[in-house]
Amino acid sequence: MSHPQMVAGLASRMDCALLLLSLMCALTASVTPQPTTDSCPKRFVGDERKRTCPRPCKSDQDCASKRQCLCDGQCGLSCVAPGRTCPWPLPPREDAVVSLLSPTHSFSAFLEVRCKPGFVLPSGLNATIRRCQGDRQWSGDEPVCAESAHPQPTASSPTCHFPQEVTSTFAIEGGATVGTAIRYSCLSGADIVGSSENFCQENQTWQYPHPICKKVYCEPPDEVAQGYVVAVQKTEYEVGFDIHYLCKKNFRLDGPQTVTCLSNGSWSAASPFCRARCLIPAERSRVMIDGVKRWPFDITDAMVPHGQNVTFFCKHPHLLCGFTAAQTCFDGKLQPPACYLEPTWLQYQLFPHRLVSEIEACADADVETF
């Protein structure tokens, strides 16, 4: 090959290489993560040696299946499989007690390494916190507690500050001393929005922003047929709000008269019912109501309220005696017992003393024989 041809070939290959390099640079620029949010630090692995950071990200779409874009401490926003766990339990130690502070030992869980009496950490504290990272390892180097004759840290040890709005909103488990962790729970019982755990760092600042308590409301209660809801009409009701129920005339309330909006967003009881009265299915025979024999036409509208027991008189099929059978009114329905037979008009007019409700009662033994 002549010298000019060699030069031309080399120039062509250099052009291809430059084009490929330009494409790679453009592609790299297109996937460079945007600056992270204030709630998660930028990726910096200076203090944690042998740390393997997962793939960086800015949203879940940047991550593979079963991974989420989560804050992974000094690794910043990273593609993490949240279900993966860190080693637990850890081997027992003679110089310290290791306790899991979170319900599980999965990603973002905390554990505490607390030196036994007579031992302290190099920092002079008697405890430190480690966090389960995205690489399935506990953060930081393995803490070493050394023997010390110095007293343990007192209440004057450096602490992290709690704003008044935090202490008035949350019940806080744990201390605010540097190197310790806390756990929040809403005093109102509401759900927490944000991290339910936090860690007091050496610079006396909290690792995460304080969470907030989700505002809880109850939805409007169900309407009650033949009844009224006594309350201001709203689209949502605050926790502790009471609602009262009333029934229309001739209807009886079956259920609670008052319900209260609870801190879990539900009402203290289901809505009640307004139950209808029942017509007594007897005209020419007396019935027993509240232990008193009465003619139905002597009772207002010949009706009894929901839940009322009505005792009917039945005639023995073989003997000239009677026995009783009770039925209960339920929401407008009151059926006579199968044994009850309504007297005819002639029986009622000509032989009132022979009506089933007026004859002698059967002996208990006679009733049991049929």
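Can you run phi through the Karplus equation (6.51, -1.76, 1.60; θ = phi - 60°) for region 336-351 and list ³J(HN,Hα) in whole Hz, with x for Gly and Pro?
x, x, 4, 7, 7, 10, 5, x, 6, 5, 5, 4, 5, 7, 9, 10
On a straight-distance basis, which lysines could pair with K249 in a cross-link, Cα separation under 18 angstrom, same-chain partners fewer than 8 positions away excluded?
K333
Need the list of lysines near K215 for cross-linking: C-alpha distance under 30 angstrom, and skip anything on the same chain fewer than eight residues off.
Within reach: K58, K234.
Using alpha-carbon pairs under 8 Å, 6+ residues apart, how would you state the relative contact order of region 278-368 in percent?
30
Can you check what the net charge comes to around S357, using other residues whose Cβ is under 15 Å from the Cβ of S357 (Lys, Arg +1; Asp, Glu -1)?
Result for the neighbourhood of S357: +1.
Measuring from centroid to centroid over Cα atoms, what is the spacing of region 197-231 and region 88-126 in Å?
Using only Cα atoms to place each centre, the spacing works out to 33 Å.
Under the rule a/c < 1.5 gives rounded, and otherwise a/b versus b/c splits prolate from oblate, where does region 215-313 land using the Cα gyration tensor?
Prolate, because a/c is 1.5 or more and a/b exceeds b/c.
FYI, it's all coordinate maths here, none of it is from the lab. This one's a predicted model, so the numbers in the text were calculated from it and none came from an experiment. Because the Cβ atoms are built from the backbone with ideal geometry, glycine has one as well, and the counts that use them run over all protein chains shown.
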